[in-house]
Amino acid sequence: MTAITYELIKKDEKTGARAGVIHTPHGSFPTPIFMPVGTQASVKGVSPDELRDLGAGIILSNTYHLFLRPGMELIKEAGGLHKFMHWDRAILTDSGGFQVFSLGDLRKISEEGVTFRSHIDGSKKFLSPEISMQVQMCLGSDIVMAFDECVPYPADYEYAKASTERTLRWAERCQKAMTAPNQGLFGIVQGGMYKDLRKWHAEKLVSMNFPGYAVGGLSVGEPPDLMYEMLEYSTSLLPENKPRYLMGVGTPDHLVEGVKRGIDMFDCVYPTRVARNGMAMTWTGRLVMKNAALTHDHHVIEEGCGCYACRNGYTRAYIRHLVRAGEIFGLRLLSLHNLWFLEEFVRRMRQAILDGQFSEFRRAFLADYHTGSQG
């Protein structure tokens with residue numbers, strides 16, 4: 001009995017869009033799903049109760065950051081990440097690979113793993129597939145990600161090939177090291193922007209029978225059309241009866257295009273990061289709260305929105321004042337709004353799939369998106 005299972009409810013006949021349910025040891029959640037990111041065991045500025053209220057069924061935390069601080073032993077001592085952060089629903093932990101490889105000159109890759117300097121104090125650290133699995137077992141997350149290298153863009157063919165081959169060897173080591181029966185290990189398809197490498201890697205990973213698969217190495221600076229082409233090709237190689245996860249994508253236009261290509265799960269720091277920069281997400285584009293045009297705007301961020309800020313009547317003028325004054329409450333209101341927006345967005349996509357109207361939903365959304373952007 002695997003810890004993570006996927007139940008396909010309906011597939012859109014015109015596209016590859018899917019509505020399903022993912023079952024985990026800490027509850028089930030419907031897909032498509034957006035996962036708020038709690039990098040350091042906290043979604044910035046938002047409480048677990050508020051996350052539950054806005055409908056989050058799963059959140060993401062980061063192995064790299066928790067490995068460095070407070071350390072896996074402390075979290076294990078606390079009873080695992082769920083108890084440590086008081087979150088009783090599902091958690092996915094990424095492997096730390098992306099963060100380590102984004103350190104650039106501060107890290108050195110070998111077959112054994114990656115040696116790097118901590119961004120906190122400069123101390124020398126080492127992460128390998130085995131250590132990543134050990135950390136994630138101490139964290140006790142429901143979904144565990146394999147340790148991989150995210151191939152940068154651009155990358156020449158030989159580099160991408162060598163990297164993808166090593167990532168496969170690391171996935172094999174992860175599978176051997178992951179011994180916790182109540183956690184599900186996902187494989188990550190890499191290969192850069194080369195279809196033959198993605199095909200080879202996907203076929204190898206599928207033969208290893210992971211309970212789920214992520215598509216990695218996208219949204220790393222490549223043009224959107226190339227991203228969608230690689231995504232569509234990658235998902236076509238993955239089994240229908242397993243969840244599919246597109247890593248690090250969180251803008252609504254990318255979400256709707258990902259769902260069109262058969263993706264079930266998404267995550268990104270985008271909604272809370274742009275909130276801290278004073279930006280609200282809406283159905284017609286972004287709303288920059290520092291914009292002088294909002295000074296006397298006594299409407300809520302978006303009419304009909306069910307987020308805490310909008311349903312309680314907090315106005316654009318008031319939130320603009322808070323943002324400009326540096327008041328934390330303003331950034332919290334925007335974080336709650338943006339997270340609600342993305343959770344509602346995936347809920348509506350799911351309903352459109354169930355109703356056989358996904359193509360119409362996508363067309364209507366893309367026609368309106370950006371029409372109301374300000375700033």
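Miscellaneous remarks
- Hz values of 3J(HN,Hα) by residue in segment 130-143 - Karplus curve (6.51, -1.76, 1.60), Gly and Pro given as x: 5, 5, 4, 5, 4, 4, 5, 5, 5, 5, x, 5, 6, 10
- Just the protein heavy atoms count here, and of the accessible area of segment 5-267 at 1.4 Å, carbon and sulfur take up 52 percent.
- Taking 0.36 nm per residue of sequence separation and removing the Cα-Cα distance, the Y233/M208 pair yields an extension gain of 7.0 nm.
- Taking packing as the residue-averaged number of other Cβ atoms within 10 angstrom, the listed peptides 291-302, 16-27 run from highest to lowest as 16-27, 291-302.
- Antiparallel bridges, percent of DSSP beta bridges restricted to the chain (to nearest 5): 50
- Farthest positive-ward along the chain dipole, Cα basis, beta-carbon charges - from W87, L231, G140: W87
- Under Karplus coefficients 6.51, -1.76 and 1.60, residue-wise ³J(HN,Hα) of segment 201-216 in Hz, glycine/proline x: 5, 4, 4, 5, 5, 4, 5, 7, 6, 5, x, x, 9, 10, 9, x
- For the listed residue pairs K260/K290; K76/K125; K125/K204, the alpha carbons are over 24 angstrom apart in K260/K290; K125/K204.
- Under 5 Å, built H, 5+ apart or other chain: amide partners of D297: A317
- A 1.4 Å probe run over the chain, with the rest of the protein chains in place, finds 41 Å² accessible per residue.
- Placing +1 on the Cβ of every Lys and Arg and -1 on the Cβ of every Asp and Glu, with nothing else charged, gives segment 275-368 a dipole about its Cα centre of roughly 280 debye.
- For a 4.7 Å threshold on C-beta separation, the list of partnerless cysteines in the chain reads C138, C150, C174, C268, C307.
- Cut-off 12 Å, label 7 Å out along Cα→Cβ of Q357, residues of segment 1-26 by amide N: none
- J(HN,Hα) series, segment 118-126, from Karplus relation 6.51 cos²θ - 1.76 cosθ + 1.60, nearest Hz, glycine and proline x: 4, 6, 7, 10, x, 5, 7, 10, 9
- Which of M247, M1 is most accessible, then next, and so on - probe 1.4 Å: M1, M247
- Share of pairwise Cα separations in the chain, more than 32 Å, in percent: 32
- Applying a threshold of 31 Å to the alpha-carbon distances of K10/K44; K10/K176; K14/K195; K44/K161 flags K10/K44; K10/K176; K44/K161 as lying beyond it.
- Placing +1 on each Lys and Arg Cβ and -1 on each Asp and Glu Cβ, with no other charges, gives the chain a dipole about its Cα centre of roughly 420 debye.
- Using the average count of surrounding beta-carbon atoms within 10 Å as a protection proxy, the listed peptides 143-150, 248-255 rank, highest first, as 143-150, 248-255.
- Whole-angstrom gap from segment 356-375 to segment 120-147, using each part's C-alpha centre: 39
- Förster-model FRET efficiency, 22 Å R0, I109 and E158, C-beta, rounded to 0.05: 0.90
The values are calculated or read from the model by the stated rules, or taken from the named source; none is laboratory data. Everything numeric here is computed off the predicted structure, so don't read it as measured data. A quick note on method: Cβ atoms are made from the backbone with ideal geometry, for glycine too, and the neighbour counts reach across all protein chains shown. All accessible areas refer to the heavy atoms of the entire protein, side chains included, with ligands and DNA or RNA removed. Shrake-Rupley method; radii C 1.70, N 1.55, O 1.52, S 1.80 Å.
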